[in-house]
Amino acid sequence: MPAKSPVLVDLKFDPATVAKVLEAAFADRGSINLADPANKGADLSHVDYALLWKPDADLFERARNLKVIFSGGAGVDSMMSIAGLPDIPIVRFVDRSLTTRMSEWVVMQCLMHLRDVQGHMRNQRQHVWAPQHGPEAADVTVGVMGLGVLGCDAAAKLKVMGFNVIGWSRSRKQIDGMETFDAGELDAFLSRTDILVGLLPLTPETTGIYNASLFSKLRRQSALGKPVFVNAGRGKSQVQADIASAIRTGILGGASLDVFAVEPLSADDSLWGLENVIITPHDSAVSEEKALMRHVEEQIARFERGEPLQHLVDRSRGY
Ligand code: NDP
Ligand code: OXD
């Protein structure tokens, strides 16, 4: 039997963790970890499978006989724009733990704005006792943009917390107990939304979608007073200058941002210092390395048994 092709691994994660996890992964075929200096100029022409996160621009020239690409995350935007991306299946990372972590982050951010946690923390630092009588979750409508794997799970968990939840996606979804809107109904969706949650992939259509014009269409007569923007999709979907200006002028009452157009967010960016803006460093839902390797092993086994791959990217839609 011919030797099995090793898996090419080019993940811009913590190198020590990846190296450790790879010691136990792909036992039947091995791997070529590009983070290992010993593999710097390695011949990749014989490799069938690649597990990639933010791959180098010349990777597909070097690994020119790939059969399947696996994304190291749920999003694939970092590879879709690389010239020379071969026309082969691309598998996204869809994982229970990643999905659960994202929903934890989304629910936490919505609750933090609902209960004005930032205001309480300011008061605590000044030793001020100032009880608040804010609205309950049922008085607030959370509008989720993107009803995919992550958006649907977050929406369900927001509902458990009592929020009224509505959702928007390219194609209309039928979800029990939730009003949904399709791509052509964006304005109607926004006019009902008090907290906007962004869980969209980055594509040409979603680039810059969260901008001043969109913020101005969010509901203004809400129990929260002013609308709030929460984004964990991709930073290039948001116009950061518009977020800062909307916060300063009171168009938005607050924001929670996990993703940024350029990461890391520059230390002198004005977003850091804005009141009621919560910044997390793209860690709302990190890919857990062991689960990622298991997922790739499972998908390779399916592929080699002749079964369909799961979680495939639709190349024409870009996600
Ligand atoms: P999915 O592919 O499962 O879902 C994407 C959703 O977005 C779908 O509902 C899709 O509509 C909708 N959508 C895409 N383009 C448009 C458009 N132009 N107009 C309207 N709706 C659109 O992705 P996931 O839920 O798994 O992940 C979403 C994104 O979250 C990832 O692409 C990634 O960028 C980001 N992410 C961020 C993480 C972080 O740590 N911050 C971690 C993981 C993911 P339809 O259903 O009709 O196809
Ligand atoms: C992802 C991410 O896409 O971590 O999985 O951003």
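We did not get these values from a lab; they are worked out from the coordinates using the rules stated. Every value quoted in this text rests on a predicted model; they were computed, and no experiment measured them. Note: ideal-geometry Cβ built from the backbone for every residue, glycine included; neighbour counts use all protein chains shown.
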- Message: Just to check, using Stokes-Einstein with a Kirkwood Rh over alpha carbon pairs, what's the diffusion coefficient of the range 218-270 at 37 °C and 0.692 mPa s in µm²/s?
- Response: 278 µm²/s
- Check the chain and count each lysine pair with an alpha-carbon distance under 16 angstrom, considering only pairs eight or more places apart or from different chains. 8
- Item | When the convex hull of its Cα atoms is projected in every direction, mean area for the chain (nm²) | 18.6 nm²
- Just for the chain, what percent of DSSP beta bridges are antiparallel, to the closest 5? 5 percent
- Query: Tell me, what HN-Hα J-couplings in whole Hz come from the Karplus equation 6.51 cos²θ - 1.76 cosθ + 1.60 at θ = phi - 60° for each residue of the range 305-310, using x for Gly and Pro?
  - Reply: 8, x, 8, x, 5, 9
- Query: Summing +1 for each Lys or Arg and -1 for each Asp or Glu, what net charge is found among the other residues whose Cβ lies under 11 Å from the Cβ of residue 83?
  - Reply: -2
- Query: Around residue 131, what is the net charge, scoring Lys/Arg as +1 and Asp/Glu as -1 over all other residues with Cβ under 13 Å from its Cβ?
  - Reply: 0
- So who's got an amide H within less than 5 Å of the one on residue 166, skipping anything under 5 residues away but keeping other chains? H placed 1.01 Å off N, in plane. 142, 143, 144
- Message: Give me, ordered by chain and number, the residues 5 or more places off residue 13 or on other chains with an amide H under 5 Å from its own placed amide H.
- Response: none
- Go ahead and run the numbers for FRET between residue 122 and residue 156, Cβ-Cβ distance against an R0 of 30 Å, rounding to 0.05. 0.40
- Just from the alpha-carbon atoms, what are the Rg and Dmax of the range 1-102 in angstroms? 13.5, 43
- Task: Calculate the spin-label point distance for residue 115 paired with residue 279, positioning each point 7 Å from the Cα along the beta-carbon direction, and give it in nanometres.
- Result: 2.5 nm
- Message: Going by Cα centres, the range 115-186 and the range 243-257 are how many Å apart?
- Response: 17 Å
- Förster radius 25 Å - calculated FRET efficiency between residue 58 and residue 268 (Cβ-Cβ, nearest 0.05): 0.15
- Message: Restricting to DSSP H runs of at least four residues, report the calculated mean residue ellipticity at 222 nm for the chain, -39500 (n - 2.57) per run over all residues, nearest 500 deg cm²/dmol.
- Response: -8500 deg cm²/dmol
